[in-house]
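A short worksheet on the structure shown next.
The values are calculated or read from the model by the stated rules, or taken from the named source; none is laboratory data. In this text the structure is predicted, and so the values were computed from the model without any measurement. When we count neighbours, we look across all protein chains shown, and the Cβ atoms used for this are built from the backbone with ideal geometry, even at glycine.
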Amino acid sequence: MTTPKPAFANTAFQPHLSRRQQKKALFEKAAREQAGYANDTAFRRVERQYRSRVPPPDLTDVLDFRPGAPNTPALAARIVPIALDTEDSNGYWAGLGASPPTQGYMVRNFPGLIVIPGCFAPDVQRRLIKDCLRRYAVPPAKSNLDALYLTPPEGLWNRYKREGAGEAKPEPVTRIVPTPATEKGKEDEPTAVTAGALIPRLRWVTLGYQYNWSAKEYFLDAPQPFPAPIGQLARAVVGSIHDVGYVAADGPDLISSPRHTWLSSSAEPADEPTGYVHRYDPAGYEPEAGVINFYQARDSLMAHVDRSEQNMEAPLVSVSLGNTAIFVIGDESRDTPPLSMYLRSGDIVCMCGPRRRALHGIPRVLEDTLPDYLTSTDDVLAEDFEWDSFAAYMTTTRININVRQVFNKDRQPPSGGIEP
Ligand code: OGA
Ligand code: MN
């Protein structure tokens, strides 16, 4: 006869064991903890610091690119102001109803990161947020909810609005995956829910080439058309950052440009490279795939490298909207403590050059940081009567739009792929 396994076999204290066996179990538990600690990395520790609720995180070392922000002297010394290209020769910014940004920032000894804080005026931000919900989070674009629910063809937001306005009879969104067998006494998960109830559960939508998150590959056979305004936005940014950078005053002869910031060498740490100038020919840039992330207040995005694109040289353009986040970015190693910075509504981050292959993540979305102009009580844009429902959703939300070029300029598009 076999003895049934005790239910507490995984815990350290097991009363059925002899003293010697118990000692062994405790030793093994300590070894497991030690191994967990060995897997701990500098990057991980920083993420954990910002994720902590009790105690709340120390934000002293979070870089703040707003003019006049109270950065520590050590951080302030690393910020390099960069003059952006304001030509807008192709009218990309004008087409967005925005004027070209003039001021960007880099970080010393951290080549490839370009931040353009406060890039979009309030009305442009509102339009982007509305479009994300009404135009882009709509089939055939895929979302995280497609694994469980049959998203209505008009999209969740539009369905929710029509039902709310009483134009449509409430039509619940049906669950396509059978309800899991639930434990006795527990309620079954409903097989249908309202569109409104699902909206806070929206986490991502993919644009252009759709992405298979488990295989970490693009589906190359059935690309969606890339939304023109988002493509235009990414092209505008890539045009603005071309040939910007910083050079050391006594560095090797670099061609002088009004878009190169000259650093005095005396202030430089000895190990600092002479400079970094970002160059990616805007004429060769194609926005081909994008992700819109919808974060609720307690969501985070763990450290990762976006490495599924064949083209790892084109800048990755990323736009923040809504509540403020803490963004962390390091290099290719988890043993390097990352830089952390605030990303506020309207900020743009470009990951270029070596930073395109860097580990990065969002450990925290800061609650109650929605700017006044995105709340419903704001009267500056009072004529925007439809904003109220968006404002209610945005109270707890951060939206991130990020755009990638997947292929190299001289690529052979796969059959059925997007032709340039
Ligand atoms: C991503 C990403 C960053 C952000 O989606 O790959 O890194 O700011 N997002 O949300
Ligand atoms: Mn990423």
Of the candidates Thr11, Thr72, the one satisfying the condition of being modelled with pLDDT under 75, over 23 Å from His260 (Cα atoms) and of a type outside the set (D, E, K, R) is Thr11
So Ile362, is it farther than 15 Å from Ile114 by Cβ, of a type in the set (A, V, I, L, M) and either near ligand 1 (Cβ under 10 Å from one of its atoms) or without any contact (Cβ under 8 Å) to a residue 60 or more places away in the chain (or both):
yes
Which one is nearest to Leu113 (Cα to Cα), of the residues in the range 298-308 that are more than 11 Å from ligand 2 (Cβ to nearest atom) and surrounded by 12 or more Cβ atoms within 10 Å (Cβ to Cβ)?
Ser300
Search the range 298-331 for residues being free of Cβ contacts under 8 Å to residues at least 60 places away in the same chain and within 10 Å of ligand 1 (Cβ to nearest atom), and hand back the single one that is nearest to Phe407 (Cα to Cα).
Val305
Meets criteria (of a type in the set (A, V, I, L, M, F, W, C), surrounded by fewer than 16 Cβ atoms within 10 Å (Cβ to Cβ) and not assigned by TED's automatic domain parsing to the domain that holds Gly353) for Leu150
yes
Here is a list: Leu301, Leu321, Leu366. Which entry is under 29 Å from Ser99 (Cβ atoms) and out of contact with any helix residue (DSSP H, G or I) (no Cβ under 8 Å at 6 or more places or on another chain)?
Leu366
Within the bounds of the range 312-324, is there any residue that is of a type in the set (Asp, Glu) and surrounded by fewer than 22 Cβ atoms within 10 Å (Cβ to Cβ)?
yes
Which numbered condition in (1) in the same structural domain as Val80 (by TED's automatic domain parsing); (2) at pLDDT below 95 is the only one that Gly231 fails?
(2)
Conditions (1) modelled with pLDDT under 90; (2) loosely packed, with under 10 Cβ neighbours inside 10 Å -> Lys29 fails only (2)
Residues of the range 317-330 satisfying the condition of being under 23 Å from Arg44 (Cβ atoms) and either within 14 Å of ligand 2 (Cβ to nearest atom) or in a loop (DSSP other than H, G, I, E, B) (or both):
Ser318, Thr324, Ala325, Phe327, Val328, Ile329, Gly330
Under 8 Å by Cβ, and 6 or more places apart or on different chains, what pairs join a residue from the range 236-247 that is assigned by TED's automatic domain parsing to the domain that holds Gly97 with one that is of a type in the set (Lys, Arg)?
His242/Arg279; Asp243/Arg259; Asp243/Arg279; Val244/Arg259; Gly245/Arg259; Tyr246/Arg108
Have a look at Ser266, Ser333 and point out the one that is more than 16 Å from ligand 2 (Cβ to nearest atom), modelled with pLDDT under 95 and more than 30 Å from Leu156 (Cα to Cα).
Ser266
Among residues of the range 369-414 being within 30 Å of Gly284 (Cβ to Cβ) and of a type in the set (S, T, N, Q), the residue modelled with the lowest pLDDT is Gln412
Which numbered condition in (1) crowded, with 17+ Cβ neighbours inside 10 Å; (2) in a loop (DSSP other than H, G, I, E, B) is the only one that Ala69 fails?
(1)
Boolean, Thr261 is modelled with pLDDT under 95 and either outside any loop (DSSP other than H, G, I, E, B) or in contact with a Phe, Trp or Tyr (Cβ under 8 Å, 6 or more places away or on another chain) (or both)
yes
